[in-house]
Amino acid sequence: MLIEDDEGLWPLYSKSLKNLNVVLTKVATAAEACKKLQAQKFDLALVDYHLPDATGISIVERFGHVLACVLVTAMGDENLVLEAIQKGAKDYVVKDASCHFLKLLPGVVSKAIEQTKLQLELNTTRNRMRIVFDQTYDLMLVTDRDFFILDISKNAATRYGAFFLDHGYQLDKWVKQETLLRLFEKQQVQENIELSMGNRKVFFRLCCRSLHEKELLFIFHDMADVIEAKKAKKVIATINQEKADLIIQNRLLANRNNIETSSILGFTNNVLALRKTITNVADTNASILIIGETGTGKELVANEIHFQSQRKQSALIKLNCASIPENLVESELFGHERGAFTGAIKDRKGKFEQANGGTLFLDEIGEISLAVQAKLLRVLQEGSFETVGGSSVIEVDVRIIAATNRNLAAMVKQGKFRADLFYRLNVIPINVPPLRKRANDIILLANHFINRYCSLYGREKPILQDEHLDYLLQHGWPGNIRELQNSMERFVVLGQFQAANFTELEKPTIESDLDFDGGALLSMKNIETKHLTEVLTHCRWQVSGDNGAAKILELNPNTLRFRMQKLGISKTKEK
């Protein structure tokens, strides 16, 4: 807004400010200016000192707090200029008969607007910071560039305020100036700096950040809290893995009705689809086969299925079939009687009996022998078994979730895995995507693991630099999430990013292993079509009844007929 009673100067002002690309509103009186300023928002006002109904300083005094004001006066009176600045004017220009001041006007206007913007930014920053100030127990100080204290955090003022009053509000009288300059110039964190707080010595972690070109923020964190926290973390770190697993399971038990509480982190489409599939199948009793490369999180998927199911109040029992000697797998699964074999000194319940009413997760299912496969099939068909060395029949109600990184269909063709057991286990196949196919989740997962291990070991969170992020996204991650997890633990423990130490494994072969048809990978539709056709062929195309395909597939006969119609499966086409 131009507030100028000499309307003959208006065109000259417009011409002078033309290159600034401003919208100029012109008024001739203070009354008209006040009316427009109350009704409309302006960024700056050029105010002539001599107005017909008031002085320009009265305008500055009234509106200088909401917009930038520049006083235009024909008098070079220093007292007048000082008064205008004190009332809120950002700057001033002196009129001259030759109108030379109009050449200076664009620079003055630009400077005044920029100062106003900087002040608004500063106020916004200070307001946001005030929220932190009012909640933190750290000693937080705002100073100017000469280390004169401008503000102190609320809680810290209660604890240390009198101390700073005694030191005349000058920070470099308490902390050496060279330390403050090093913190400011290099943006470093100074660990374990010993400072006097009255009659006692305190170790602080001290850091400095620039709030604005004129102000600095210093944060003093009492290291006594950190020392105590590290002691507590060391105690926590001694808890064995079995207890850690129980903690995880207890966490998963909470709020399982909401898919957003899933412990499977990620927002890529294949992860969202995986979580949706888990939700859809969790409340059924159908057997599930989880397929995925080593380290993709197959066990985590099994956890999710169990804790979203109606069996979540009962046990989730796990057995890694590859970690048990072949001659002991049967005993692990079905239990044994005392004296059943050498070393069987007492009766022992097997995993099936332990999981009664709940879920049994069989990891690395492709590693069990054909003999054990036959006994496992019987349990799945009849819901009962006999312990090793026993004669009584034990009935159980157990849901089976199996997992493998091998191609069971190929093993069936090679005679290494029973076809009937495969069909029993593969009612609902779930494929867990490898990490390289969910690249957009890598940074999210990396930060998740960093936070976990910082909390576990009591370490300060290291920062992932741009070159670290590039490596995370470009690395192939043959070890998948397990490799990423181990790498981030190493990153936290060592305190530096050492890309050369990342595990380099052979390229995974799971995708080629999943070639169920000897050629290109099959789609889910083709896999389902092939599976249903093989089961129907085995049952001589009988859909319902005790010997029908629906019973093997654990489907309603009408549901199976609908799937056959939708997929175009018929005995004629099979022939």
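The values are calculated or read from the model by the stated rules, or taken from the named source; none is laboratory data. Keep in mind it's a predicted model, so treat the numbers as computed, not measured. Ideal geometry is used to build each Cβ from the backbone, glycine not excepted, and the neighbour counts take in all protein chains shown.
Within segment 1-53, restricting attention to residues that are in a loop (DSSP other than H, G, I, E, B) and of a type in the set (Phe, Trp, Tyr), the residue that is farthest from the chain's Cα centre (by Cα) is Tyr49. Among the numbered conditions (1) farther than 30 Å from Tyr453 by Cβ; (2) assigned to a loop (DSSP other than H, G, I, E, B); (3) modelled with pLDDT of 55 or more, the only one that Leu521 does not meet is (3). Using the structure shown, decide if Val81 is within 27 Å of Lys117 (Cβ to Cβ), of a type in the set (Val, Ile, Thr) and touching a helix residue (DSSP H, G or I) at 6+ places or on another chain (Cβ under 8 Å). The answer is no for Val81. Take the conditions modelled with pLDDT of 90 or more, small (Gly, Ala, Ser), surrounded by fewer than 22 Cβ atoms within 10 Å (Cβ to Cβ) and at negative phi and apply them to Ser287. Does it pass? So Ser287 passes the test. Checked against (1) closer than 30 Å to Glu534 by Cβ; (2) out of contact with any Phe, Trp or Tyr (no Cβ under 9 Å at 6 or more places or on another chain), His448 passes all but condition (1). If you go through segment 99-129 and keep only what is closer than 27 Å to Lys18 by Cβ and in contact with a His (Cβ under 8 Å, 6 or more places away or on another chain), you end up with just Leu118.
Would you confirm whether or not segment 421-439 contains a residue that is in a helix (DSSP H, G or I) and β-branched (Val, Ile, Thr)? So far as segment 421-439 goes, no, none of its residues is in a helix (DSSP H, G or I) and β-branched (Val, Ile, Thr).
From the list Phe497, Phe449, Phe516, the lone residue that is out of contact with any Pro (no Cβ under 8 Å at 6 or more places or on another chain), modelled with pLDDT under 70 and crowded, with 18+ Cβ neighbours inside 10 Å is Phe516. Applying the set (1) within 18 Å of Ala112 (Cα to Cα); (2) surrounded by 15 or more Cβ atoms within 10 Å (Cβ to Cβ); (3) among the basic types (Lys, Arg) to Lys26 leaves exactly one unmet item: (1). Determine if segment 97-117 includes at least one residue that is touching a residue at least 40 places away in the same chain (Cβ under 8 Å), outside any helix (DSSP H, G or I) and not assigned by TED's automatic domain parsing to the domain that holds Ile219. Yes, because at least one residue in segment 97-117 is touching a residue at least 40 places away in the same chain (Cβ under 8 Å), outside any helix (DSSP H, G or I) and not assigned by TED's automatic domain parsing to the domain that holds Ile219.
The residues of segment 56-97 that are hydroxyl-bearing (Ser, Thr, Tyr) and modelled with pLDDT under 90, listed by number, are Thr73, Tyr92.
Candidates in segment 54-64 are the residues that are in a helix (DSSP H, G or I) and not basic (Lys, Arg); of these, the one that is nearest to Asn79 (Cα to Cα) is Ile57. If you go through segment 458-491 and keep only what is charged (D, E, K, R), more than 13 Å from Asn447 (Cβ to Cβ) and out of contact with any Phe, Trp or Tyr (no Cβ under 6 Å at 6 or more places or on another chain), you end up with Arg459, Glu460, Asp466, Glu467, Asp470, Arg482, Arg490.
Taking the conditions exactly as written (in the same structural domain as Ala419 (by TED's automatic domain parsing) and closer than 25 Å to Asn431 by Cβ), does His306 satisfy them or not?
Values: in the same structural domain as Ala419 (by TED's automatic domain parsing): yes; closer than 25 Å to Asn431 by Cβ: yes.
Here the answer is yes, as His306 does meet what is asked.
Within segment 547-562, the set of residues being surrounded by fewer than 15 Cβ atoms within 10 Å (Cβ to Cβ) and over 21 Å from Ile400 (Cβ atoms) comprises Asn547, Asn558, Phe562. On inspection, Glu483 fails the criterion of being surrounded by 12 or more Cβ atoms within 10 Å (Cβ to Cβ), at pLDDT 80 or above and over 20 Å from Asn431 (Cα atoms).
Just one of the listed residues (Val393, Val412, Val379) is crowded, with 17+ Cβ neighbours inside 10 Å, closer than 25 Å to Asn285 by Cβ and free of Cβ contacts under 8 Å to residues at least 12 places away in the same chain, and it is Val412. Of all residues in segment 55-65, those that are more than 47 Å from the chain's Cα centre (by Cα) and surrounded by 18 or more Cβ atoms within 10 Å (Cβ to Cβ) total 6.
What residue, of Ala282, Ala322, Ala302, Ala315, is in contact (Cβ under 8 Å) with a residue 24 or more places away in the chain, loosely packed, with under 15 Cβ neighbours inside 10 Å and within 29 Å of Asn480 (Cβ to Cβ)?
Values: Ala282 fails: loosely packed, with under 15 Cβ neighbours inside 10 Å; Ala302 fails: loosely packed, with under 15 Cβ neighbours inside 10 Å; Ala315 fails: loosely packed, with under 15 Cβ neighbours inside 10 Å.
Just a single option satisfies the conditions, and that option is Ala322.
Taking the criterion of being under 22 Å from Gly548 (Cα atoms) and assigned to a helix (DSSP H, G or I), the residues of segment 410-420 that qualify are Val412, Ala419, Asp420. Taken together, the residues in segment 341-367 that are part of a loop (DSSP other than H, G, I, E, B) and modelled with pLDDT under 90 amount to 9.
Where the second residue is exposed (fewer than 13 other Cβ atoms within 10 Å of the Cβ) and assigned to a helix (DSSP H, G or I) and the first is aliphatic (A, V, I, L, M) and lies in segment 1-29, which pairs have Cβ atoms under 9 Å and are six or more apart or on separate chains? Pairs that qualify, where the first residue is aliphatic (A, V, I, L, M) and the partner is exposed (fewer than 13 other Cβ atoms within 10 Å of the Cβ) and assigned to a helix (DSSP H, G or I), are Val27/Lys35; Ala28/Glu7.
Of the residues making up segment 98-138, those that are among the hydrophobic types (A, V, I, L, M, F, W, C), under 29 Å from Leu217 (Cα atoms) and at pLDDT 80 or above number 3.
Filtering segment 458-478 to residues that are part of a helix (DSSP H, G or I) and buried (at least 16 other Cβ atoms within 10 Å of the Cβ) leaves His468, Leu472.
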